[in-house]
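Have a look at the structure below, then the notes.
The values are calculated or read from the model by the stated rules, or taken from the named source; none is laboratory data. On a predicted model such as this, the values are computed, not experimentally measured, just so you know. All Cβ positions, even for glycine, are placed from backbone atoms using ideal geometry, and neighbour counts span all protein chains on display. Note: accessible area is taken over every heavy atom of the protein model, side chains too, but ligands, DNA and RNA are not part of it. Shrake-Rupley method; radii C 1.70, N 1.55, O 1.52, S 1.80 Å.
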Amino acid sequence: MTTLPRFEIHQPASIREASEMLVHYGDDAAIYAGGTELLLAMKHRALAYGHLIDLKVVPGVNAIETRDGTIEIGAACTHRSIERSALVREKQPVLAELESQVANVRVRATGTLGGNLCFAEPHSDPATLLLVLGATVGVESAAAGLAAGVASREIPVEKLIAGAYANHLAPGEILTRIIVPSAKPNHRAAYMKFQVHERPTLGLGLWLETSDAGRTFTAARVAVGCVCPFPSRAPAAGELLTGARAEVEKRLPEAAALIADGADLADDHEGSAEYKRHLIGVFLRRTFAKAVAGDSL
Ligand SMILES: Cc1cc2nc3c(=O)[nH]c(=O)nc-3n(C[C@H](O)[C@H](O)[C@H](O)COP(=O)(O)OP(=O)(O)OC[C@H]3O[C@@H](n4cnc5c(N)ncnc54)[C@H](O)[C@@H]3O)c2cc1C
């Protein structure tokens, strides 16, 4: 039986203290949120740390609040708490719906949205949708030379993910919140995935803005995930998805081809690149129909 190697767990009282611990222990330390990825990777000796910094006990990172037309989700909020949040269900129902379909209820009750984004496992759901919703993340650290408090910056989700299992956080930086614009009455959004194994084979997110209750689309954003090392937005495909609905429907195959061209499709255990290209076509059609029907939660 594979056992977990020994490690020390630290419970900081603030983000500043957590960041200082990360810097102090360097490569031998990691943030510990739900542990659903981290502990598994440590058990299988894919990662090794002597010090885990428990984020969940830090005040302020478990809250979900609204502010200036956005929802601010603390990085340590579990998938389950987001799925069940009345605020998320009201303000951005498509996100609550996505969260209800992540993994299984045991993983959702422990795994966090922040951990999901930072780990950047290619076969993950949330980042693909967050890209099209225009979400950003708040990052904080006890920067050198700062006598008190924390240095903070806000970056788009696409600037957080650097590649498969890689993020752009600097040493000592911690993801503290995810900021998601609230839905407006003239927005339509949907996320759909295709899954036969434990993790999704494909995820497709679509966001549309309409000027006349869904007959014309004035703006569109589309992204695909899981079929490529990290979620990929396709701005040129988005442009094809604007205009009169009947015209947009005709252009869906062309838009799907652009999405596939822009994603780094590869042959792997989930299927060939050609198969994934086909799935993108099927799921763009389905996701468009779902977004237009507006049947999220
Ligand atoms: C059986 C199974 C099925 C799954 N199916 C799906 C699925 O269908 N769709 C999907 O999207 N995901 C799926 N997942 C992934 C799951 O969503 C993630 O495991 C979970 O969200 C990770 O969060 P965590 O809090 O457990 O992260 P942890 O394991 O605690 O951390 C993961 C990594 O991120 C770092 N980290 C965590 N939080 C922060 C932070 N705030 N700032 C900086 N670094 C941080 C940690 O140091 C670590 O390197 C599945 C997982 C399992 C085990």
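When you check Thr36 against the structure, is it over 30 Å from Val292 (Cα atoms) and at pLDDT below 95, yes or no? Before you say what the answer is, go through the steps one by one.
Working: over 30 Å from Val292 (Cα atoms): yes; at pLDDT below 95: no.
No.
Quick grid of which residues meet (1) more than 24 Å from the chain's Cα centre (by Cα); (2) under 19 Å from Cys118 (Cβ atoms):
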{"residue": "Leu4", "(1), (2)": "yes, no"}
{"residue": "Phe7", "(1), (2)": "yes, yes"}
{"residue": "Gly26", "(1), (2)": "yes, yes"}
{"residue": "Tyr49", "(1), (2)": "yes, yes"}
{"residue": "Glu83", "(1), (2)": "no, no"}
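Do you know which residues across region 191-211 are more than 13 Å from Thr287 (Cβ to Cβ) and either of a type in the set (Lys, Arg) or within 19 Å of the chain's Cα centre (by Cα) (or both)?
Initial filter on region 191-211 (more than 13 Å from Thr287 (Cβ to Cβ)): 195-201, 209-211.
Selection gives Gln195, Glu198, Arg199, Pro200, Thr201.
Take the residues in region 210-259 that are of a type in the set (Gly, Ala, Ser) and at positive phi; name whichever of them is modelled with the highest pLDDT.
Of region 210-259, the ones of a type in the set (Gly, Ala, Ser) are 211, 213-214, 219-220, 223, 225, 232, 234, 236-238, 243-244, 246, 255-257.
Retained after the next criterion (residues that are at positive phi): 213-214, 243.
Values: Ala213: 91, Gly214: 91, Gly243: 97.
Only one residue fits best here, namely Gly243.
Out of the residues in region 28-47 that are charged (D, E, K, R) and more than 20 Å from the chain's Cα centre (by Cα), state the one that is farthest from the ligand (Cβ to nearest atom). Before you say what the answer is, go through the steps one by one.
Taking region 28-47 first, the residues charged (D, E, K, R) are 28, 37, 43, 45.
Okay, now just the ones that are also more than 20 Å from the chain's Cα centre (by Cα), so 28, 43, 45.
Numbers: Asp28: 12, Lys43: 11, Arg45: 15 Å.
Looking at the filtered set, the residue picked out is Arg45.
Which ones in region 83-126 are aliphatic (A, V, I, L, M) and either within 10 Å of the ligand (Cβ to nearest atom) or touching a His at 6+ places or on another chain (Cβ under 7 Å) (or both)? Give the steps one after another, and end with the answer.
Filtering region 83-126 for residues aliphatic (A, V, I, L, M) gives 86-88, 94-96, 98, 102-103, 105, 107, 109, 113, 117, 120.
Passing the criteria: Leu98, Val102, Ala103, Val107, Leu113, Leu117, Ala120.
With open to solvent by 30 Å² or more (accessible area, probe 1.4 Å) and either of a type in the set (A, V, I, L, M, F, W, C) or without any contact (Cβ under 8 Å) to a residue 12 or more places away in the chain (or both) as the only criterion, which of Ala96, Ala135, Ala151, Ala142 stands out? Even if it seems obvious, please write down each step before you answer.
On the way: Ala96 fails: open to solvent by 30 Å² or more (accessible area, probe 1.4 Å); Ala135 fails: open to solvent by 30 Å² or more (accessible area, probe 1.4 Å); Ala142 fails: open to solvent by 30 Å² or more (accessible area, probe 1.4 Å).
Only one candidate qualifies: Ala151.
When Thr2 is evaluated against the numbered criteria (1) in a helix (DSSP H, G or I); (2) open to solvent by 50 Å² or more (accessible area, probe 1.4 Å); (3) more than 21 Å from Ser152 (Cα to Cα); (4) in contact (Cβ under 8 Å) with a residue 12 or more places away in the chain, which criterion, by number, is the only one it fails?
Every condition holds for Thr2 apart from (1).
Contact list please: Cβ distance under 6 Å, first residue in region 22-46 and farther than 18 Å from Val58 by Cα, second residue within 6 Å of the ligand (Cβ to nearest atom) and open to solvent by less than 20 Å² (accessible area, probe 1.4 Å), pairs at least six apart or on different chains.
Listed pairs, sorted by first residue: Thr36/Gly111.
Please specify each residue of region 51-60 satisfying the condition of being hydrophobic (A, V, I, L, M, F, W, C), within 12 Å of the ligand (Cβ to nearest atom) and either surrounded by fewer than 17 Cβ atoms within 10 Å (Cβ to Cβ) or under 20 Å from the mean Cα position of the chain (by Cα) (or both). Lay out the reasoning, then the answer.
Step one: list which residues in region 51-60 are hydrophobic (A, V, I, L, M, F, W, C), which gives 52-53, 55, 57-58.
This time we only want the ones that are within 12 Å of the ligand (Cβ to nearest atom), so: 52-53, 55, 58.
Matches in region 51-60: Leu55 only.
Taking the residues in region 68-82 that are in contact (Cβ under 8 Å) with a residue 60 or more places away in the chain and more than 12 Å from the ligand (Cβ to nearest atom) as candidates, determine which candidate is most open to solvent (accessible area, probe 1.4 Å).
Gly69
Would you mind stating whether Leu169 is more than 11 Å from the ligand (Cβ to nearest atom) and out of contact with any Lys or Arg (no Cβ under 8 Å at 6 or more places or on another chain)? Steps first, please.
Values: more than 11 Å from the ligand (Cβ to nearest atom): no; out of contact with any Lys or Arg (no Cβ under 8 Å at 6 or more places or on another chain): yes.
Considered against the rule, which asks whether it is more than 11 Å from the ligand (Cβ to nearest atom) and out of contact with any Lys or Arg (no Cβ under 8 Å at 6 or more places or on another chain), Leu169 comes out as no.
Matching residues to (1) among the aliphatic types (A, V, I, L, M); (2) in contact with a strand residue (DSSP E or B) (Cβ under 9 Å, 6 or more places away or on another chain):
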residue	(1), (2)
Ala151	yes, yes
Ala162	yes, no
Pro185	no, no
Leu202	yes, yes
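I'm trying to understand the selection: among the residues of region 154-185, which are farther than 19 Å from Phe230 by Cβ, among the polar types (S, T, N, Q) and surrounded by fewer than 23 Cβ atoms within 10 Å (Cβ to Cβ)?
Passing the criteria: only Ser182.
Of the numbered conditions (1) assigned to a strand (DSSP E or B); (2) in contact with a helix residue (DSSP H, G or I) (Cβ under 7 Å, 6 or more places away or on another chain); (3) open to solvent by 20 Å² or more (accessible area, probe 1.4 Å); (4) within 13 Å of the ligand (Cβ to nearest atom), Arg188 satisfies every one except a single condition; which is it?
Arg188 satisfies all of (1) assigned to a strand (DSSP E or B); (2) in contact with a helix residue (DSSP H, G or I) (Cβ under 7 Å, 6 or more places away or on another chain); (3) open to solvent by 20 Å² or more (accessible area, probe 1.4 Å); (4) within 13 Å of the ligand (Cβ to nearest atom) except (4).
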